Amino acid sequence: MIIKDFFRGKRVGYYFMAGALVFGIVALILYQQTGATEFTPVLDNTVTASYIIFIVLAAAMLVYELRIVKFITQAVGLYAFLMYIVFEVNYITNLLVAIDPTELTASFVLTIVFGALAWICALVSAIMTKTGLTKFITKGESGQ
């Protein structure tokens, strides 16, 4: 009953942020396991740090919802996603030019998909959240 009561009071934005958290964790794990290739031999610390910050912010927003921080969270998710694409540009270029028989790998596609899903879910969560700073101002503090 306690779990049922906990989830009863949550809005749609909460569930989208939970999805963003899960997708962000999966994207980070995929990047850590398959990010080093012959085109990018070393994992980039910017991508890793961005995903870690995204995960921490998303987890914090599950506990304490604040719309502006949710928008910051989705911006960090977008940054992590785009930085992954930037650091894989040699691989993408090699695929598009087709100089050698390099093919699109499942790990690359899955990392792109989960990174995009994490960002989109965080964005939808921020849009769907109606909690702002006005919630925390009481009548006594606002002078009314």
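Of the residues that make up the range 7-27, is at least one among the aliphatic types (A, V, I, L, M), in contact (Cβ under 8 Å) with a residue 40 or more places away in the chain and closer than 15 Å to Ser107 by Cα?
Yes: one or more hits.
Assuming Val42 fulfils every condition listed in (1) within 23 Å of Ile127 (Cβ to Cβ); (2) aliphatic (A, V, I, L, M); (3) outside any helix (DSSP H, G or I) apart from one, which condition is it?
(1)
Kindly indicate whether any position in the range 112-127 is open to solvent by less than 50 Å² (accessible area, probe 1.4 Å) and not in a helix (DSSP H, G or I).
no
Scan the range 75-86 and give yes if some residue there is farther than 13 Å from Gly115 by Cβ and in contact (Cβ under 8 Å) with a residue 12 or more places away in the chain, otherwise no.
Filtering the range 75-86 down to residues farther than 13 Å from Gly115 by Cβ leaves 75.
Next, from what is left, pick out any that are in contact (Cβ under 8 Å) with a residue 12 or more places away in the chain: none.
No, because not a single residue in the range 75-86 is farther than 13 Å from Gly115 by Cβ and in contact (Cβ under 8 Å) with a residue 12 or more places away in the chain.
Considering only the range 49-93, state which residues are over 13 Å from the mean Cα position of the chain (by Cα), over 17 Å from Lys10 (Cβ atoms) and among the aromatic types (Phe, Trp, Tyr).
Phe87, Tyr91, listed by residue number.
Quickly run through the range 28-43 and pick out the residues that are under 16 Å from Ala106 (Cα atoms) and either open to solvent by 70 Å² or more (accessible area, probe 1.4 Å) or among the β-branched types (Val, Ile, Thr) (or both).
Across the range 28-43, the qualifying residues are Ile29, Gln32, Gln33, Thr34, Thr37, Glu38.
With the structure loaded, tell me whether Tyr79 is closer than 26 Å to Ala36 by Cα, crowded, with 16+ Cβ neighbours inside 10 Å and at pLDDT below 85 or whether it fails that test. I'd like the intermediate steps shown before the answer.
Numbers: closer than 26 Å to Ala36 by Cα: yes; crowded, with 16+ Cβ neighbours inside 10 Å: yes; at pLDDT below 85: no.
Criteria not met by Tyr79.
Scan the range 6-25 and tell me whether some residue there is surrounded by fewer than 15 Cβ atoms within 10 Å (Cβ to Cβ), within 18 Å of Ile127 (Cα to Cα) and under 18 Å from the mean Cα position of the chain (by Cα).
If we filter the range 6-25 for residues that are surrounded by fewer than 15 Cβ atoms within 10 Å (Cβ to Cβ), which is where we start, we get 6-12.
Next, only the ones that are within 18 Å of Ile127 (Cα to Cα) stay: 10-12.
So of that shortlist, the ones also under 18 Å from the mean Cα position of the chain (by Cα) come out as 12.
The answer is yes, given that some residue of the range 6-25 is surrounded by fewer than 15 Cβ atoms within 10 Å (Cβ to Cβ), within 18 Å of Ile127 (Cα to Cα) and under 18 Å from the mean Cα position of the chain (by Cα).
Check off (1) closer than 13 Å to Ala20 by Cβ; (2) crowded, with 17+ Cβ neighbours inside 10 Å for Phe108 and give me the number that stays unchecked.
(1)
Within the range 60-74, which residues are without any contact (Cβ under 8 Å) to a residue 24 or more places away in the chain and in a helix (DSSP H, G or I)?
Looking only at the range 60-74, we keep the residues that are without any contact (Cβ under 8 Å) to a residue 24 or more places away in the chain, and these are 60, 63-64, 69, 72.
If the condition is that a residue be without any contact (Cβ under 8 Å) to a residue 24 or more places away in the chain and in a helix (DSSP H, G or I), then Ala60, Val63, Val69, Ile72 are the ones that fit.
The values are calculated or read from the model by the stated rules, or taken from the named source; none is laboratory data. Keep in mind that this is a model prediction, so the values were computed, not measured. Neighbour counts run over all protein chains shown; Cβ positions are idealised from the backbone, glycine included. Remember, those area values only see protein heavy atoms, side chains included, never the ligands or the DNA or RNA. Shrake-Rupley method; radii C 1.70, N 1.55, O 1.52, S 1.80 Å.
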